[in-house]
Amino acid sequence: MTNQKKHRILYLCTGNSCRSQMAEAFTRHLKGNQIEALSAGVAPKGIDPRAAKAMSEVGIDISSQGSKSLNQVIHLQFDYVVTLCDDAQKTCPSFPGNTRVIHVGFDDPPKLAATAREEEEAMLHYRRVRDEIKAFVERLPEALLDKGGQQDDFQAGIQAFLDDLPADSTNIKED
């Protein structure tokens with residue numbers, strides 16, 4: 001990418017311990033030459049060890065990443081803020097400039113894993129959500145990276161992603 005500004009995306013979740021960390025890492029890994037990704041939480045609580053394990057299984061180490069508070073990044077300019085959980089969507093503040101806020105909710109692996117009888121069963125939830133987040137990041141529309149970054153094209157790309165999801169993935173939605 002030459003002479004084009006990297007777009008800046010903030011992935012926002014409640015704890016900045018799992019989903020937002022995965023999204024940040026996948027974006028850096030898959031789209032790092034086009035997008036600058038950060039993540040934060042409205043109530044950060046440290047990296048979830050199972051999230052780190054799930055990401056290490058696909059060759060991405062997030063174990064040294066730290067949870068960041070929304071207060072640590074609220075002053076930064078973002079092109080997009082992507083809320084990944086309902087709590088973050090409800091509490092998402094206004095951001096300076098022309099920041100577009102988009103909600104793409106994913107299941108909460110720690111909540112799902114709480115009833116698991118064994119570690120492998122718990123990890124199945126983390127792996128599924130990890131793979132859903134990866135698919136989302138892979139399909140970020142090129143319109144996001146265009147000079148204009150047209151909202152309609154971006155929304156159409158998000159909708160195309162949602163339309164391609166398996167029928168049992170109805171938990172992912174866009175506002």
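The values are calculated or read from the model by the stated rules, or taken from the named source; none is laboratory data. As the structure is a prediction and not an experimental result, all values here were calculated from the model. Positions of Cβ are generated from backbone atoms using ideal geometry, with glycine treated the same way; all protein chains shown enter the neighbour counts.
What the table below lists for this structure:
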read-out	value
Qualifying residue in segment 44-62 (condition: without any contact (Cβ under 8 Å) to a residue 60 or more places away in the chain and closer than 20 Å to Ser94 by Cα)	yes
Any hit, segment 145-155, residues being at pLDDT 75 or above, surrounded by 13 or more Cβ atoms within 10 Å (Cβ to Cβ) and assigned to a loop (DSSP other than H, G, I, E, B)	no
Close pairs (6 angstrom Cβ cut-off, 6 or more residues apart or separate chains): modelled with pLDDT under 85 in segment 1-21, part of a loop (DSSP other than H, G, I, E, B) anywhere	Met1/Asn33; Met1/Gln34; His7/Asp79
Complete set of residues in segment 117-142 that are of a type in the set (Lys, Arg), more than 12 Å from the chain's Cα centre (by Cα) and closer than 21 Å to Thr27 by Cα	Arg127, Arg128, Arg139
Test: residue in segment 80-94 that is surrounded by fewer than 18 Cβ atoms within 10 Å (Cβ to Cβ), part of a loop (DSSP other than H, G, I, E, B) and either of a type in the set (Val, Ile, Thr) or without any contact (Cβ under 8 Å) to a residue 24 or more places away in the chain (or both)	yes
Residue list for segment 92-121, filter: over 19 Å from Ala23 (Cα atoms) and of a type outside the set (A, V, I, L, M)	Pro93, Ser94, Phe95, Pro96, Gly97, Asn98, Thr115, Arg117, Glu118, Glu119, Glu120, Glu121
Subset of segment 101-117 [outside any helix (DSSP H, G or I) and either within 21 Å of Gly46 (Cα to Cα) or among the polar types (S, T, N, Q) (or both)]	Gly105, Phe106, Asp107, Asp108, Ala114, Thr115
Breaking point among (1) of a type in the set (Val, Ile, Thr); (2) modelled with pLDDT of 90 or more; (3) more than 13 Å from Asn16 (Cβ to Cβ), for Ile62	(3)
Residue match in segment 118-127 (condition: in a loop (DSSP other than H, G, I, E, B) and surrounded by 15 or more Cβ atoms within 10 Å (Cβ to Cβ))	no
Residue match in segment 48-57 (condition: surrounded by fewer than 17 Cβ atoms within 10 Å (Cβ to Cβ), modelled with pLDDT of 95 or more, out of contact with any Cys (no Cβ under 9 Å at 6 or more places or on another chain) and not in a helix (DSSP H, G or I))	yes
Residues of segment 58-75 that turn out to be crowded, with 17+ Cβ neighbours inside 10 Å and either of a type in the set (D, E, K, R) or part of a strand (DSSP E or B) (or both), as a count	1
Some residue of segment 120-131 being modelled with pLDDT of 95 or more, within 22 Å of Ile9 (Cα to Cα) and among the basic types (Lys, Arg)	yes
Selection status of Asn98, part of a loop (DSSP other than H, G, I, E, B) and out of contact with any Lys or Arg (no Cβ under 7 Å at 6 or more places or on another chain)	yes
Tally of residues being surrounded by fewer than 20 Cβ atoms within 10 Å (Cβ to Cβ) and assigned to a helix (DSSP H, G or I) across segment 20-47	4
